[in-house]
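Everything below concerns the one structure shown next.
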Amino acid sequence: MSGAMPIARTVFALLILALAAAPAHASPVRVTIATDSGGAELASTPGAADEGGAAAWPGDGDIAPGPGGTPFGQPLPLPLPLPLPRLPQVPVLPQPVPQLPAVTTSFVPGTVARLRTDGRAAIPRAAPKRVRSLISQYNRIVGRRYRWGGGHAVVEDTAFDCSGAVGYGLIKTGLLRSTMVSGSFARWAAPGAGRWMTIYANRSHVYTEVAGLRLDTSAVGDPSGAGGVRWRPVIGERGGFEVRHPVGL
């Protein structure tokens, strides 16, 4: 048997060379080589089955990284959406409260004043006496044109600015001693809205709402668009205005 050993070694070397040239993932091949001890079985393929029976080939399940670290065959991450451009904010004008049809009478039942067909206010009979007097005094200047400074040098004027008009009724009913500019009305009397009368004021403008109607020289929120001293639909508080009311009203 001593002559068989060189032959066995030669065959073994040839098998090793053949196995090295075998394609990857080829099926495992087991070869039996005769030896002096009666033969030995050799697993001739790399990645032979492990104890669980699965071939353990190096790199199985791995994906080579592409440029930038992204694996080949994997979808690229979607770019984040660009933020939407900010649109300029459009100031929202106050919406007037829907008004009941105009009346022709000087007085109406209930506690809410009504606009008359001649532009004056119909006085609510159930309102307090001072409120009824306020509306009556304001009725006297409704329709007067606007003039800056009007109603300040003299109370009984032919034209009024915003603060002169608001101050007129307050002076005539004893709620105010003398006229004030709009900025002063922003600090006058009590803070907050009143039950019967509310004043809205800042450094540039002032208007008042009395028993459901608004006395104002500005046509904001008034479908008629008329200028001067007018009773108009109520609009409540506008941005940038202080809210005040006479004590007790």
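The values are calculated or read from the model by the stated rules, or taken from the named source; none is laboratory data. All figures in this text were calculated on a predicted structure; none of them were measured in a lab. We place every Cβ from the backbone using ideal geometry, glycine too, and count neighbours over all the protein chains shown. Protein only, heavy atoms only, side chains kept; ligands, DNA and RNA dropped before computing areas. Shrake-Rupley method; radii C 1.70, N 1.55, O 1.52, S 1.80 Å.
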task = State yes or no: is His152 open to solvent by 50 Å² or more (accessible area, probe 1.4 Å), at pLDDT 95 or above and touching a Ser or Thr at 6+ places or on another chain (Cβ under 8 Å)?
result = yes
task = Kindly provide the set of residues from region 158-173 that are surrounded by fewer than 19 Cβ atoms within 10 Å (Cβ to Cβ) and out of contact with any helix residue (DSSP H, G or I) (no Cβ under 7 Å at 6 or more places or on another chain), ordered by number.
result = Thr158, Ala159, Ile171
remark   = Taking region 128-157 and keeping residues among the hydroxyl-bearing types (Ser, Thr, Tyr) and under 43 Å from the mean Cα position of the chain (by Cα) leaves Tyr138, Tyr146
query = free of Cβ contacts under 8 Å to residues at least 40 places away in the same chain and open to solvent by less than 30 Å² (accessible area, probe 1.4 Å), is that true of Arg232?
reply = no
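Criterion first (out of contact with any strand residue (DSSP E or B) (no Cβ under 9 Å at 6 or more places or on another chain), within 18 Å of Ala121 (Cα to Cα) and open to solvent by 20 Å² or more (accessible area, probe 1.4 Å)) does Gly239 satisfy it?
no
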task = May I ask you to list pairs of residues, at least six apart or on different chains, whose Cβ atoms are under 9 Å apart, with the first in region 116-141 being on the phi > 0 side of the Ramachandran plot and the second being in a strand (DSSP E or B) and basic (Lys, Arg)?
result = Gly119/Arg230
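Table: residues versus (1) surrounded by 17 or more Cβ atoms within 10 Å (Cβ to Cβ); (2) in contact (Cβ under 8 Å) with a residue 60 or more places away in the chain; (3) not small (Gly, Ala, Ser).
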| position | (1), (2), (3) |
| --- | --- |
| Arg145 | no, yes, yes |
| Leu175 | yes, yes, yes |
| Arg187 | no, no, yes |
| His205 | yes, no, yes |
| Ser218 | yes, no, no |
| Gly227 | no, yes, no |
key: Single unsatisfied condition, Gly143 versus (1) of a type in the set (Gly, Ala, Ser); (2) within 25 Å of Ala122 (Cα to Cα); (3) touching a strand residue (DSSP E or B) at 6+ places or on another chain (Cβ under 7 Å)   = (3)
